[in-house]
Amino acid sequence: MKVRQLSAVLAASVLTLGLAACGDSAKDGATDSGSTGSSGGKSVKIGIKFDQPGLGLKVGSDYKGFDVDVAKYVAKELGDSDITWVQSPSAQRETLLSTGQVDMIFATYSITDKRKEQVSFAGPYFIAGQDLLVRADDSSITGPDSLTGKKLCSVTGSTSAQKVKDKYPGVQLQEFGTYSECVAALVSKGVDALTTDNTILAGYASQDQYKGKLKVVGKTFSEERYGVGIKKGDTALCEKINTALKKMVDSGDWQKAVNDNLGPAGFKVDTSVNPPKPDPCS
């Protein structure tokens, strides 16, 4: 009797251990399937802007724009089929990457030496230029040199805001959280101009509610090299992204994305620098 009882206890113990092991394997498997970045898992968290027409715009449950199309292409080449889109305001991009809240950022993210101290970049995949957006009936602003005494809006944490601070101290700079807030202030005459990349400005000017009300000055005064933000030091992922970007250009899909998203705004791409060649990964 005792032998049979002991055998039953041992069998139950083995079964319990087996079930526990299966449970651990399932948990690990779920974690692995959700892993992203250089592992090239099935799902990936990508940071974009939610409020930039033509580049990164959330429309209901859908996401549209040039940055979005480039991100989708790259993700597919990396084998990431399930994308979670994460809103990435300019001032939060470095934090989102360093804390692992996103794996990659495609959000008009200009490559700068200062940013490279905190994150790494693949690309660039597009080169834009800083410009000014003004009301259509305003002829007093013809470029950055005519901004003295004017109220200028830009976004906190953007390179555009910093350039204005450094080069044009006579400007009354107001920094908002998003470009949409700046556009609303411009239309209501709370500010005189909005500055950021010409790609972003063209997108806003082309929106139905702003047609005929806003215009891009058309005098760029910087070079903005859009890169793919990734975690600092991930050269393996950088190389994979650069390979995907090159394939996108060579296949013609890059040009199609430009035409589909920036063409309707009448935006003229600077073909002397576009499409750009990716920088070496480091």
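Miscellaneous remarks
Here is a yes/no grid of residues against (1) under 24 Å from D270 (Cα atoms); (2) in the same structural domain as V70 (by TED's automatic domain parsing); (3) not in a loop (DSSP other than H, G, I, E, B):
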position: D137; (1), (2), (3): no, no, no
position: G157; (1), (2), (3): no, no, no
position: D166; (1), (2), (3): no, no, yes
position: E175; (1), (2), (3): no, no, yes
position: L186; (1), (2), (3): no, no, yes
position: G190; (1), (2), (3): no, no, no
position: T195; (1), (2), (3): yes, no, yes
position: T243; (1), (2), (3): yes, yes, yes
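- Residue match in region 206-217 (condition: at pLDDT 95 or above, within 22 Å of the chain's Cα centre (by Cα) and not aromatic (F, W, Y)): no
- Which listed residue is among the basic types (K, R), modelled with pLDDT of 95 or more and outside the structural domain of A205 (by TED's automatic domain parsing), from K42, K49, K27: K49
- Residues that are acidic (D, E) and free of Cβ contacts under 8 Å to residues at least 60 places away in the same chain were ranked within region 95-136; the one that is farthest from K219 (Cα to Cα) is E117.
- Filter result for V269 (touching a Leu at 6+ places or on another chain (Cβ under 8 Å) and either more than 23 Å from K116 (Cβ to Cβ) or modelled with pLDDT under 95 (or both)): yes
- Qualifying residue in region 182-196 (condition: of a type in the set (A, V, I, L, M, F, W, C), buried (at least 20 other Cβ atoms within 10 Å of the Cβ), closer than 30 Å to A75 by Cβ and touching a residue at least 60 places away in the same chain (Cβ under 8 Å)): no
- Failed item, numbered, when A71 is tested on (1) modelled with pLDDT under 95; (2) under 14 Å from the mean Cα position of the chain (by Cα); (3) assigned to a helix (DSSP H, G or I): (1)
- Per the conditions (1) surrounded by 20 or more Cβ atoms within 10 Å (Cβ to Cβ); (2) free of Cβ contacts under 8 Å to residues at least 12 places away in the same chain, the sole criterion not satisfied by G229 is (2).
- When restricted to residues that are among the polar types (S, T, N, Q), surrounded by 14 or more Cβ atoms within 10 Å (Cβ to Cβ) and over 20 Å from V273 (Cα atoms), region 97-117 contains 0.
- When region 139-155 is filtered for residues that are loosely packed, with under 13 Cβ neighbours inside 10 Å and either in contact with a strand residue (DSSP E or B) (Cβ under 8 Å, 6 or more places away or on another chain) or assigned to a loop (DSSP other than H, G, I, E, B) (or both), the ones remaining, listed by number, are S139, S140, T148, G149.
The values are calculated or read from the model by the stated rules, or taken from the named source; none is laboratory data. Remember, it's a predicted structure, so these values are computed and weren't measured experimentally. All Cβ positions, even for glycine, are placed from backbone atoms using ideal geometry, and neighbour counts span all protein chains on display.
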